[in-house]
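Shown next, in structure tokens, is the structure this report addresses.
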Amino acid sequence: MSVLEKARELGIELSKSKELVNVREAEEMMLKNPDAQKAIKEFNEKQKAFQVLVSQGLQLTEGQKKEIEELELNMLDNPYVYNFFKAQQEFEKTLEAINNIIGEAIGTNLHCSCGCNSNESSGDSGIFN
């Protein structure tokens with residue numbers, strides 16, 4: 001079996017995993033909840049507006065930072081949104097574990113959660129830098 005066939009097999013197994021099933025179920029519940037949708041919409045709209053300001057070189061005021069934090073907290077206070085994010089984090093942990101296993105198997109150290117290539121310290125520039 002080729003490496004690509006094994007990757008497809010892994011993808012199929014992941015699609016059936018309880019972690020991904022939980023994400024999909026939580027997302028469906030969240031999307032059906034009007035309060036969750038309202039909170040997400042308010043947060044996203046404000047976040048986009050503030051990103052425009054930052055991209056124009058402006059600094060957010062303390063009041064603006066507090067406003068986006070409050071909208072985020074309000075969004076996460078919704079149990080459907082919270083459950084979705086929690087399920088998503090669990091699935092991401094599974095993906096990270098898979099990446100670590102693959103890294104160990106091929107002889108690279110991919111344990112760094114910062115997104116960098118841990119081989120940098122050894123002088124190996126690698127392809128992930």
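The values are calculated or read from the model by the stated rules, or taken from the named source; none is laboratory data. Keep in mind it's a predicted model, so treat the numbers as computed, not measured. Every residue, glycine among them, receives a Cβ derived from its backbone with ideal geometry; neighbour counts consider all protein chains shown.
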Report task. Determine if the range 55-73 includes at least one residue that is within 30 Å of residue 24 (Cβ to Cβ), among the polar types (S, T, N, Q) and surrounded by fewer than 13 Cβ atoms within 10 Å (Cβ to Cβ). Result -> no
**Report entry** Residue in the range 88-104 that is outside any helix (DSSP H, G or I), touching an Asp or Glu at 6+ places or on another chain (Cβ under 8 Å) and modelled with pLDDT of 95 or more present
**Finding:** no
Query raised in the report: Within the bounds of the range 32-50, is there any residue that is among the hydrophobic types (A, V, I, L, M, F, W, C) and either in contact with a strand residue (DSSP E or B) (Cβ under 9 Å, 6 or more places away or on another chain) or not in a helix (DSSP H, G or I) (or both)?
Result: no
Report summary line: Within the range 2-42, residues being over 16 Å from residue 84 (Cα atoms), among the hydrophobic types (A, V, I, L, M, F, W, C) and without any contact (Cβ under 8 Å) to a residue 40 or more places away in the chain number 4
